[in-house]
Amino acid sequence: MILELPLLVFLVMTAAGAILAKDLISAVFILGTYSFTLALVWALLGAVDVAFVEAVVGAGLATVFFLLTLSTASEKDTQIRRSAIPWTALIGLPIVAILLLYGAADLPAFGDPGSPASTHISPIYLEGSVAQTKTPNVVTAILMDYRSLDTLIETVVIFTAGIACALIYGKGSA
Amino acid sequence: MSSFFLFVLVTLTALMVVYLYRVIRGPSVFDRVLGLNGISTKAIVLLVVIGTVFERVDMFVDISTGYALLNLVSALAVAKFLEERGAPQE
């Protein structure tokens, strides 16, 4: 599609900008734009729920948490002293990129109905979820019904992490 | 009609590039904050237009509302942070 290429250029530009920023506060803002762009890409690909999570967690919560962390750090810690790029990274990372592109060439095309991902179990979900779970959104049906135990344990994990963060970040006067 | 919405999508994306320049180059932190806010307003409109193209506006309106709410929260967090800390010297 005509819009995907500009968004990809956008993603690369924002990612590079976040790495090359001079202080961490600017890097946090540029990372926010990166998440916005990534959420747009997810929305364009039709993964609306992933786009929602990316917008909520990536652009919203992560920015707030980064700023919360920076507000407790001292002034000199938010400046970046950049050292020279090691030659192992200059050689190794392009090799990894070429390997990944080589592997990606074998993947089935986007939206291919004959690909393994869309022939194994997803037809069962897509055809039966409304009748079985009475939920119009198939992603919600999978998360909250077919795999509800997974979701429950995930919620427990995130809740525990939240309690731990609150205990560490709080004043400790309990 | 679909080509009209596609034109709107491309134009909005081109507008985002202008803001992106401010966010990445922007001399002071306030330039970056304003640029981020501009990008997020464009992203909200863009999401609704994408929903119109896919003919599933009801779902995309939900996301753009969530976007807008979180944008407010993060803008408040930025404002509070800059109030406590003061803008960094460039």
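If you take the beta carbon distance between residue B:52 and residue B:75 as r and set R0 to 22 Å, what does 1/(1 + (r/R0)^6) give as a FRET efficiency, to the nearest 0.05?
0.25
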- [ ] Using label points projected 7 Å from each Cα along Cα→Cβ, tell me how many nm separate residue B:8 and residue A:8, to one decimal.
- [x] 2.6 nm
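Can you give the FRET efficiency to the nearest 0.05 for residue B:34 and residue A:154, using r as the Cβ-Cβ distance and R₀ = 45 Å?
Between residue B:34 and residue A:154 the formula returns 0.75.
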Task: Contact order normalised by residue count of chain A, Cα under 8 Å, 6+ apart, percent - done: 13 percent
Task: Within 10 Å of each Cβ in A:69-82, the average number of Cβ atoms from other chains - done: 1
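Treating the beta-carbon of each Lys and Arg as +1 and of each Asp and Glu as -1, no other charges, what is the dipole magnitude of the protein assembly as shown about its Cα centre, to the nearest 20 debye?
In debye, rounded to 20, the protein assembly as shown gives about 780.
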TODO: Evaluate peptide A:40-53: per residue, the Cβ atoms of other protein chains within 10 Å of its Cβ; return the mean as an integer.
DONE: 4
TODO: Just subtract the alpha-carbon distance of residue A:49 and residue A:144 from 0.36 nm times their residue separation and send over the number in nm, one decimal.
DONE: 32.9 nm
Task: Degrees, to the nearest 10: B:2-25 long Cα axis against longest axis of chain B - done: 10 degrees
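Averaged over peptide B:22-31, how many Cβ atoms belonging to another chain are found within 10 Å of each residue's Cβ?
Numbers: counts 0, 10, 11, 1, 3, 0, 1, 4, 0, 2.
Neighbouring Cβ atoms belonging to other protein chains average 3 per residue here.
Would you list B:15, A:67 from fewest to most Cβ contacts within 10 Å?
Taking fewest neighbouring Cβ atoms as first place, the list is B:15, A:67.
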Task: Within chain A, helix-based [θ] at 222 nm, where runs of 4 or more DSSP H residues each add -39,500 (n - 2.57), nearest 500 - done: -21000 deg cm²/dmol
TODO: List the longest stretch of chain A that has no exposed loop site; here a site is one of the trypsin sites (Lys or Arg not before Pro) assigned by DSSP to anything other than H, G, I, E or B, with at most 11 other Cβ within 10 Å.
DONE: A:1-80
- [ ] Could you calculate the FRET efficiency of residue A:20 with residue A:105 from 1/(1 + (r/R0)^6), where r is the beta carbon distance between them and R0 is 35 Å, rounded to 0.05?
- [x] 0.70
Open item on the list: I need the helices of chain A that pass two filters: whole DSSP H segments spanning 27 Å or more by Cα along the axis, and mean Kyte-Doolittle score no lower than -0.5.
Closed with: A:24-44, A:148-169
Task: Stokes-Einstein D in µm²/s, Kirkwood radius over Cα pairs - chain A at 4 °C with 1.567 mPa s viscosity - done: 64 µm²/s
Task: Per principal axis, descending, Cα span of region A:117-174 in whole Å - done: 54, 24, 15
Open item on the list: Run the simple label-point estimate for residue A:85 and residue B:25 please: 7 Å along Cα→C-beta, distance reported in nm.
Closed with: 2.2 nm
Task: Rg(Cα) / (2.2 N^0.38 Å) computed for region B:2-85, rounded to two decimals - done: 1.24
Task: Footprinting exposure proxy for A:75, B:83, A:54 (fewest neighbouring C-beta atoms within 10 Å first) - done: B:83, A:75, A:54
- [ ] Over all alpha-carbon pairs in region A:1-78, figure out the percentage whose distance exceeds 16 Å.
- [x] 54 percent
TODO: Report, in degrees rounded to the nearest 10, the 0 to 90 angle that the Cα long axis of helix B:57-85 makes with the longest principal axis of chain B.
DONE: 10 degrees
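Laboratory data are not the source of any read-out in this text; all were calculated from the coordinates shown. Predicted model, so just to flag it, every value in this text is computed and none were measured. Glycine also receives a Cβ, built like all others from the backbone with ideal geometry; neighbour counts cover every protein chain displayed.
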